[in-house]
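Values in this text are rule-based calculations from the coordinates and carry no lab data. Nothing here was measured: the structure is a model prediction, and the numbers come from that model. Cβ placement follows ideal geometry from the backbone for every residue including glycine, while neighbour counts extend to all protein chains displayed.
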Amino acid sequence: MLVNPGRGRTFLAIFGVLTLLLASIVGITATTRSTRAAEDALVLGVDISDTRTLDPHRQFDYSPPITEHAIYETLVTMDPGDYTTVKPLLATEWELADDGAAWVFHLRPDVKFVSGNPMTADDVKFSFDRLVNLKDNPAALAENLKSVEVVDEQTVKLVMNDKTQPLLNILISPNFAVIDAKTAQEHGATSAVGADKDDTATEWLNAHSIGTGPYELSAWDRNSQIVLTANPNYWRAAPAFPRVVIRHMGDSAAQVLALQRGDIDAALNLTPEQIDSVSSDPNVAVEKGTSLDFIYMTLTSNAEQSPGLSNQAARQAVAAAIDYDGIIDGLMGGNATRPPTFIPVGLAGITPELVTEIGYQLNPDKAKQLLADAGLADGFSFDLYYANAAVAGVNYQTVAQKIQADLSAVGITVNLKPTDQTQLVTEYRAGHLPSVMTFWNPDAPEPCLWAAASVQRVATRVGWTPPDSLLQTVTDACGAPDEAKRNDLYLDYQRQLVDQANYIILAQPIYRVATRTSITGYQLTAAGWQVNLYDIKPTA
């Protein structure tokens with residue numbers, strides 16, 4: 001099995017007006033100081049506060065893949081909207097070998113890194129070995145990678161630990177980036193066992209890139225901007241823009257103003273109301289696409305962190321007290337769907353209708369009965385942590401306030417704990433928090449990555465030890481060759497997760513991005529990197 005790695009309306013209205021006024025002032029000041037979008041630069045306005053590193057074998061956050069996918073490349077890829085067909089990229093052909101226990105990839109000839117060094121099978125081996133031996137979060141994606149063998153300069157073999165488990169689809173993840181081994185080693189990188197202690201290249205890789213992508217990293221000013229420039233050695237036609245500026249804009253109101261002024265070419269974090277307000281602007285186009293991301297909430301089983309939440313019936317009561325339609329329709333303008341649990345709609349036979357059959361529904365009477373069953377008829381309280389950030393154009397604070405109001409109606413007190421994004425991720429991954437609201441975005445469109453994570457590393461974070469029978473169900477689902485059998489196994493897995501109630505999926509966004517009509521080719525993808533910057537061009 002793979003390891004993958006509300007308050008009242010009046011308050012919200014006043015809060016929203018004040019926020020908009022303040023953001024307007026800040027946004028005008030910021031965009032006046034900065035470089036306006038021009039023909040020689042593609043400028044994106046996006047919240048990149050979660051960016052902690054640009055080392056492709058260490059980064060494991062939401063916004064960095066936009067950058068990573070532009071400066072590094074993988075052996076294979078997928079087109080937007082098609083998450084079953086694997087397409088060539090740095091490899092032109094591949095086939096199974098050794099009775100299905102290995103994949104052999106034939107590399108694209110005459111590909112160079114930004115340094116001018118040629119890409120060979122040795123670079124692929126170095127890159128994948130480094131990913132594994134760094135033992136950072138993305139290493140979980142390579143659990144089924146037993147070894148990497150160089151067949152010849154243009155051929156590489158990936159041997160699997162278990163030929164029944166997936167690997168090919170997972171290789172599209174930006175974490176499987178192929179890097180320039182020679183340059184990497186000159187700056188402290190190693191792929192050997194012990195790299196988790198001996199590799200010193202990450203700081204250098206936060207300021208430089210050593211990939212084959214259409215762009216190279218020129219500068220990263222944390223919580224300010226990332227600047228990319230065209231790779232002079234790119235193997236395809238040169239990118240349409242000599243420069244890309246990914247400008248940190250944490251407030252969506254500032255993004256609206258910058259877009260309307262022409263200071264940015266695309267605004268990635270607008271609220272549904274803001275998208276609707278700019279859609280009538282003749283200079284603005286709205287791009288739309290269903291994601292494989294979701295916003296979710298964890299509930300611990302650890303009695304030391306929360307005596308109330310450690311009770312399964314109390315967790316189920318929380319799940320039954322939440323107004324999911326109010327979140328999706330009221331806060332997200334209907335631009336979302338919802339899966340029953342940890343695998344998104346669109347994979348493994350998961351449909352929105354399945355929520356009605358086996359998922360959580362708002363039922364305050366049921367929630368109160370469950371609290372009584374748990375011996376908590378008078379309610380209980382717990383702390384909910386979330387980032388000072390937004391996802392899918394909705395601020396976590398707004399969703400948290402909605403949940404707080406919903407649970408208050410059945411006697412559950414939620415103490416809101418807004419937290420710095422980076423600190424939240426660190427504390428959550430360490431398993432220190434009783435309840436967290438955050439997001440999950442795909443490393444690759446392989447359902448096994450979601451399922452395995454939920455019963456392994458994410459289960460550890462919520463203090464849950466899944467039964468062996470559930471672990472076996474996930475293993476069997478991951479390796480099932482027959483689609484119908486696989487989907488049946490995943491259905492059984494989902495029923496058990498719903499009953500356990502450690503994870504509550506709040507919404508799976510349908511993303512909408514506002515762009516200037518001066519650009520074309522902006523296609524949203526759910527494959528893990530949001531957009532391929534190479535596809536974007538100035539409008540003719």
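This model, with +1 at the C-beta of Lys and Arg and -1 at the C-beta of Asp and Glu, gives the stretch 464-503 a dipole about its Cα centre of some 80 debye.
The gain in end-to-end length when the residue 237 to residue 204 segment is fully stretched comes to 9.1 nm, 0.36 nm per residue minus the alpha carbon separation. Of the residues 262, 493, 232, the one whose Cα sits farthest towards the positive end of the charge dipole of the chain is 262 (charges of +1 on Lys and Arg Cβ, -1 on Asp and Glu Cβ, taken about the Cα centre).
Over the residues of the chain, the helix contribution to mean residue ellipticity at 222 nm works out to -9000 deg cm²/dmol, using -39500 (n - 2.57) for each DSSP H run of at least 4. Between the stretch 250-270 and the stretch 368-424, what is the separation of their alpha carbon centroids in Å? With the stretch 250-270 and the stretch 368-424 each reduced to a Cα centre, they are spaced 30 Å.
Diffusion coefficient (Stokes-Einstein, Kirkwood radius over C-alpha pairs, 20 °C, 1.002 mPa s) for the chain: 89 µm²/s, rounded to a whole number. One chain, two ends: residue 218 and residue 369. Fully extended at 0.36 nm per residue, the span grows by 48.5 nm beyond their Cα-Cα distance. Think of the stretch 295-510 as a dipole: +1 on every Lys or Arg Cβ, -1 on every Asp or Glu Cβ, centred on the Cα centre; then among 505, 356, 439, 439 lies furthest on the positive end. For residue 288, the lysines whose Cα falls under 21 Å of its own Cα, not counting residues fewer than eight places away in the same chain, are 537.
Gain on full extension, evaluated as 0.36 nm per residue between residue 92 and residue 416 minus their Cα-Cα distance, stands at 111.6 nm. May I ask you to list the aspartates and glutamates whose Cα is less than 15 Å away from that of residue 125, ignoring any residue fewer than eight positions away on the same chain? Correct list for residue 125: 73, 149, 152, 153, 180.
Charge dipole (Cα centre; +1 on Lys/Arg Cβ, -1 on Asp/Glu Cβ; no other charges) of the stretch 76-198 amounts to roughly 200 debye. The simple spin-label model puts a point 7 Å past each Cα toward its Cβ; for residue 149 and residue 472 those points are separated by 3.3 nm. Modelled spin labels at residue 484 and residue 99, positioned 7 Å past Cα toward Cβ, are 2.9 nm from each other. Computed about the Cα centre, the dipole magnitude for the chain is approximately 1180 debye when only Lys and Arg (+1) and Asp and Glu (-1) carry charge, each at its Cβ. Dipole of the chain computed with +1 at Lys/Arg Cβ and -1 at Asp/Glu Cβ about the Cα centre; of 154, 404, 337, farthest Cα towards the positive end is 404.
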